[in-house]
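Trainee: Please find one structure pasted underneath; my questions will follow.
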Amino acid sequence: MKYLTFAMVLFASAAAAQDSTPFAQQPYKTGGEVPLIGLSEVMAISQMRHIKLWQAAKAENWPLASYEADKLRDSLYRAANFYVNIPVPLVKSADEPLSAIQDAAKRRDLRAFEKAFGDLTTSCNACHQAAGLEFIRMRTPSASPFSDQDFAPVKKTR
Ligand code: HEC
């Protein structure tokens, strides 16, 4: 009886850990282990970076913009690695604007950045639509909730 209860608890927790969202159903090749972080958590972090990326570029803090673009790319790769049924072309279509953003940051080109950022946001939404999550609509941020971070570029003293 003790063992049966134990098995039931195990089964129930495994079922709870299974995400019912399309693309998020299948954990990565870990032999059925539940990943330490879920896809929605990776996405929530991506959302944060999407805002920080915009904020950094607006402040013309190009090293920070480049850093955030890099971290956002890591997050999307992490999503693709964790969830085998995330369509790779949709991840790639988010990756291309991130490369354009890196280029723009290198050239300190705000206009090119804005164009690439628009493309990035479109690619976020394209995947949400493909996943049947058209109600998760990203757009260009209008303000930053990160009042504890100074986005201004570091002034060189010499
Ligand atoms: C390749 C597909 C794909 C791409 C690209 C993608 N997403 Fe997602 N996103 C998802 C899926 C699938 C979910 C639902 C995850 C879940 O509920 O388990 C999601 C959920 C979210 C959520 C809701 C998370 C929450 O907890 O509220 C946000 C916010 C989000 N994505 C932001 C973004 C941003 C910003 C980008 C672009 C920089 C992006 N996503 C790109 C597939 C994608």
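Trainee: Considering only residues that are within 9 Å of the ligand (Cβ to nearest atom), outside any helix (DSSP H, G or I) and not β-branched (V, I, T), which ones fall in the stretch 77-100?
Mentor: Of everything in the stretch 77-100, those that are within 9 Å of the ligand (Cβ to nearest atom), outside any helix (DSSP H, G or I) and not β-branched (V, I, T) turn out to be Y83, P87.
Trainee: Looking only at the stretch 106-158, filter to residues that are among the acidic types (D, E) and surrounded by 14 or more Cβ atoms within 10 Å (Cβ to Cβ); which one of those is nearest to the ligand (Cβ to nearest atom)?
Mentor: Within the stretch 106-158, the match that is nearest to the ligand (Cβ to nearest atom) is D119.
Trainee: Please work out which one of (1) in a helix (DSSP H, G or I); (2) within 10 Å of the ligand (Cβ to nearest atom); (3) touching a helix residue (DSSP H, G or I) at 6+ places or on another chain (Cβ under 8 Å); (4) not basic (K, R) is the condition D103 fails and give its number.
Mentor: Condition not satisfied by D103: (2).
Trainee: Looking at (1) surrounded by 14 or more Cβ atoms within 10 Å (Cβ to Cβ); (2) within 11 Å of the ligand (Cβ to nearest atom), find the lone condition where S66 falls short.
Mentor: (2)
Trainee: Same structure again: Just the residues that are surrounded by fewer than 20 Cβ atoms within 10 Å (Cβ to Cβ) and under 16 Å from E114 (Cβ atoms), please, taken from the stretch 32-54.
Mentor: Scanning the stretch 32-54 gives a single hit, I51.
Trainee: Within the stretch 50-57, identify whether any single residue is modelled with pLDDT under 95 and either out of contact with any strand residue (DSSP E or B) (no Cβ under 9 Å at 6 or more places or on another chain) or assigned to a helix (DSSP H, G or I) (or both), and answer yes or no. Steps first, answer last, please.
Mentor: Of the stretch 50-57, the ones modelled with pLDDT under 95 are none.
No: the stretch 50-57 contains no residue that is modelled with pLDDT under 95 and either out of contact with any strand residue (DSSP E or B) (no Cβ under 9 Å at 6 or more places or on another chain) or assigned to a helix (DSSP H, G or I) (or both).
Trainee: For the stretch 75-94, which positions are surrounded by 15 or more Cβ atoms within 10 Å (Cβ to Cβ) and free of Cβ contacts under 8 Å to residues at least 60 places away in the same chain?
Mentor: S75, L76, R78, A79, A80, F82, L90, V91, S93, A94
Trainee: Another one. Against the conditions (1) at pLDDT 80 or above; (2) over 26 Å from A152 (Cα atoms); (3) more than 9 Å from the ligand (Cβ to nearest atom), where does D74 fall short? Just the number, please.
Mentor: The single condition D74 does not satisfy is (2).
Trainee: Confirm whether A152 is within 15 Å of the chain's Cα centre (by Cα) and hydrophobic (A, V, I, L, M, F, W, C).
Mentor: Here the answer is no, as A152 does not meet what is asked.
Trainee: Take I86 and tell me if it is at pLDDT 90 or above and either β-branched (V, I, T) or under 16 Å from A131 (Cβ atoms) (or both). Even if it seems obvious, please write down each step before you answer.
Mentor: On the way: at pLDDT 90 or above: no; either β-branched (V, I, T) or under 16 Å from A131 (Cβ atoms) (or both): yes.
Answer is no for this residue.
The values are calculated or read from the model by the stated rules, or taken from the named source; none is laboratory data. Keep in mind it's a predicted model, so treat the numbers as computed, not measured. Don't worry about glycine lacking a Cβ; one is built from the backbone with ideal geometry, like all the others, and counts go over all protein chains shown.
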